[in-house]
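The values are calculated or read from the model by the stated rules, or taken from the named source; none is laboratory data. The model shown is predicted, which means the values in this text are computed figures rather than measured ones. For neighbour counting, all protein chains shown are included, and Cβ atoms are generated from backbone atoms with ideal geometry for every residue, glycine included. Note: accessible area is taken over every heavy atom of the protein model, side chains too, but ligands, DNA and RNA are not part of it. Shrake-Rupley method; radii C 1.70, N 1.55, O 1.52, S 1.80 Å.
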Amino acid sequence: QMLGLDEDWRFSRERWFDLIHPDDRDRVRSIYEEADARSAGSSIQFQLRQPDGSYRLYFEQSEPNDAGTLTGILWDITDLTRAQRNMMEAQRIARIGSWEWEVDDDRHWWTDECYRILGLDPETVPATEEAWDSLTHPDDIAWTDVEFIEATTARRGYSYQYRIIRPDGQVRTVFETGEVIAAGKYAGTVMDVTERVKIEARLAESQRMAKLGTWEWNMATDERTWSEECYRLYGVSPSVKPVTRAIWRATVHPDDLPALQDLLAGIEENPHPYSYRCRIRRPDGTIRITQVHGEPVADFGPNNPIITGTTL
């Protein structure tokens, strides 16, 4: 049924070879002959012709049994292989590598893109924890070790960003995630975010020089995300994340707060572009005047209203 053969079709080795793709025929014949000589089974992938003339990819595995014959399976892996190729191509384009780790046996598996990101050769470097850890930047070893041990001891997921030094000497910044997918088994991803980090650093420096902060306000959760310069302008510690309404309100001069709250209440009811000036009180007691502009981001949809803006 799987091969689309008639019920009266009877197996013979030559008939079987006639179904095998010409490009695979000699290789399969050689493996069969070697298995015959050793009275052993075999594992092999090859293409078989379908009734419409097309070919599909199969995996065949056989083992000798007590009767002196071979017992085996034939598995159509065409769709699985295509899905794997598509996943690998998607990972290559997105520059995301994936990995798996069986904790008890300490066995690791990395995709080709994972190897590429780490700058390692899959032909010569086995996937091991030691091979990966040896790349970690010396300044990032201590804290990543702590986070990794805490997460894996508690059998929970983790994610963090750190630097690696590849064998070619390049210092790259990677973002790694890991999740428990089964008892004693982790799976995760690694992404090279070096260019993004560089862009963010240049943007932060430009904002610092221009004394211009950027922010995002999620009205569904009433949480705000601030750039580094925004934290500096308001005098709030960058460790405060996310910025709640109470934290932001505490920076506003009490005399300006009522009118500002009325304005923002109208924005929440009917999001639209807006601008305002108000005084803020910094922790050192100084009073500063800020110019704020915000605009709705339509792409997020009505159920997730987002306002982005600037503070000067």
Exercise for review: Mind listing whichever residues of the range 140-192 are assigned to a loop (DSSP other than H, G, I, E, B) and either without any contact (Cβ under 8 Å) to a residue 40 or more places away in the chain or touching a helix residue (DSSP H, G or I) at 6+ places or on another chain (Cβ under 6 Å) (or both)?
Suggested key: ALA154, ARG155, ARG156, GLY157, GLY169, ALA183
Study note, to complete from the structure: Looking across the range 231-242 at residues that are surrounded by 12 or more Cβ atoms within 10 Å (Cβ to Cβ) and at pLDDT 90 or above, the single one that is nearest to the chain's Cα centre (by Cα) is VAL240
Exercise for review: Among residues belonging to the range 210-230 that are over 13 Å from THR290 (Cα atoms), modelled with pLDDT of 90 or more and hydroxyl-bearing (Ser, Thr, Tyr), point out the one that is surrounded by the most Cβ atoms within 10 Å (Cβ to Cβ).
Suggested key: SER227
Practice item. Within the range 243-256, identify whether any single residue is under 36 Å from the mean Cα position of the chain (by Cα), of a type in the set (Phe, Trp, Tyr), at pLDDT 90 or above and not in a strand (DSSP E or B), and answer yes or no. Key: yes
Revision key, fill the gap. When the range 32-51 is checked residue by residue, the ones that are without any contact (Cβ under 8 Å) to a residue 40 or more places away in the chain, outside any strand (DSSP E or B) and open to solvent by 50 Å² or more (accessible area, probe 1.4 Å) are GLU33, GLU34, ASP36, ALA37, ARG38, SER39
Practice item. Check GLU195, GLU205 and return the single one that is surrounded by 12 or more Cβ atoms within 10 Å (Cβ to Cβ), at pLDDT below 90 and assigned to a helix (DSSP H, G or I). Key: GLU205
**Study point:** Test result for ASP256, in contact with a Cys (Cβ under 6 Å, 6 or more places away or on another chain), free of Cβ contacts under 8 Å to residues at least 24 places away in the same chain and either surrounded by fewer than 14 Cβ atoms within 10 Å (Cβ to Cβ) or not aliphatic (A, V, I, L, M) (or both)
**Key:** yes
Practice item. Could you look through the range 275-291, keep only residues that are out of contact with any Lys or Arg (no Cβ under 9 Å at 6 or more places or on another chain) and assigned to a strand (DSSP E or B), and pick out the one that is most open to solvent (accessible area, probe 1.4 Å)? Key: ARG277
Practice item. Within the range 210-226, track down each residue that is in a loop (DSSP other than H, G, I, E, B) and closer than 20 Å to PRO273 by Cα. Key: LEU212, MET219, ALA220, THR221, ASP222
**Study point:** Among the candidates ARG10, ARG38, ARG25, ARG82, residue that is over 30 Å from LEU135 (Cβ atoms), in contact with a helix residue (DSSP H, G or I) (Cβ under 9 Å, 6 or more places away or on another chain) and charged (D, E, K, R)
**Key:** ARG25
Check your understanding: under 42 Å from the mean Cα position of the chain (by Cα) and either in contact (Cβ under 8 Å) with a residue 24 or more places away in the chain or farther than 14 Å from LEU74 by Cα (or both): does that describe ARG25?
Key -> yes
Practice item. Take the range 1-22 and flag every residue that is more than 14 Å from GLY72 (Cβ to Cβ) and either open to solvent by less than 80 Å² (accessible area, probe 1.4 Å) or touching a strand residue (DSSP E or B) at 6+ places or on another chain (Cβ under 7 Å) (or both). Key: LEU3, GLY4, LEU5, TRP9, SER12, PHE17, LEU19, ILE20, HIS21, PRO22
Exercise for review: Please go through the range 120-158 and pick out each residue that is closer than 17 Å to THR194 by Cβ and open to solvent by 40 Å² or more (accessible area, probe 1.4 Å).
Suggested key: ASP139
Check your understanding: Which of the residues that make up the range 69-96 are modelled with pLDDT of 90 or more and under 28 Å from ARG155 (Cβ atoms)?
Key -> none
